[in-house]
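Visitor: Quick one: this structure, given as structure tokens, is what I'll be asking you about.
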Amino acid sequence: MTTAHHLRLIDGMRTRDFPPERTPSVSGVSGPGYHTAFLRADHQPWGDDEPVGPEHRAQCLAEHDALLTLLAARWGEPQVMSLWSAQERMTAGEVMADPWADPVAGCEFLPLWRVEERWIAVGLVLEEDGPGCELTVLVTVVDPP
């Protein structure tokens, strides 16, 4: 997927109505008040020309950085939210409501933009000791934890 494709997907998520129940979509999951999309993940087939191993991680990081740069050009610099305290609360047993449970569980921080009454967050999950990388986007009306 290209950065241009990511931007089109985010624009569509920003304007699409939210479903009344959690529902899988072509690119991710949607539910009451949110849409998520998986832009790049290890388990997705990307074709023979896609990098594997450390090259895969480098490509994912480059896509993440490029996407953040383009979104910042559109909406200004993001708020960067550390998820440390929310992760501590989850570890202590607090149940994090959708759509924030997955980003809190997997990301160290989230760049956030507030655009037309919706939050846009770009998540990056890096495998600790390997090349694994996952890039996601969340569009929601639900305030961050």
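The values are calculated or read from the model by the stated rules, or taken from the named source; none is laboratory data. Note that this is a predicted model, so its numbers are computed, not measured. Every residue, glycine as well, gets a Cβ built from its backbone with ideal geometry; the counts of neighbours run over all protein chains shown. Remember, those area values only see protein heavy atoms, side chains included, never the ligands or the DNA or RNA. Shrake-Rupley method; radii C 1.70, N 1.55, O 1.52, S 1.80 Å.
Visitor: Which residue pairs have Cβ atoms under 9 Å apart, sit 6 or more places apart or on different chains, and have a first residue in the stretch 77-90 that is farther than 15 Å from G123 by Cα and a second that is outside any loop (DSSP other than H, G, I, E, B) and open to solvent by 90 Å² or more (accessible area, probe 1.4 Å)?
Guide: From residues that are farther than 15 Å from G123 by Cα, there are no pairs.
Visitor: Let me ask something additional. With the checklist (1) modelled with pLDDT under 95; (2) surrounded by 18 or more Cβ atoms within 10 Å (Cβ to Cβ); (3) not β-branched (V, I, T) in hand, flag the one item S30 doesn't pass.
Guide: S30 satisfies every listed condition except (1).
Visitor: Quickly run through the stretch 95-145 and pick out the residues that are among the small types (G, A, S) and modelled with pLDDT of 90 or more.
Guide: Selection gives A101, A121, G123.
Visitor: Search the stretch 42-67 for residues that are closer than 21 Å to V137 by Cβ and at pLDDT 85 or above and pair each with any residue that is of a type in the set (S, T, N, Q) and open to solvent by less than 50 Å² (accessible area, probe 1.4 Å) when their beta-carbon atoms are under 7 Å apart and the residues are at least 6 apart or on different chains.
Guide: E63/T3; A66/T3; L67/T3
Visitor: A follow-up question, please. Which one is farthest from T3 (Cα to Cα), of the residues in the stretch 105-145 that are open to solvent by 40 Å² or more (accessible area, probe 1.4 Å), touching a helix residue (DSSP H, G or I) at 6+ places or on another chain (Cβ under 9 Å) and assigned to a loop (DSSP other than H, G, I, E, B)?
Guide: Checked the stretch 105-145; the qualifying residue farthest from T3 (Cα to Cα) is P145.
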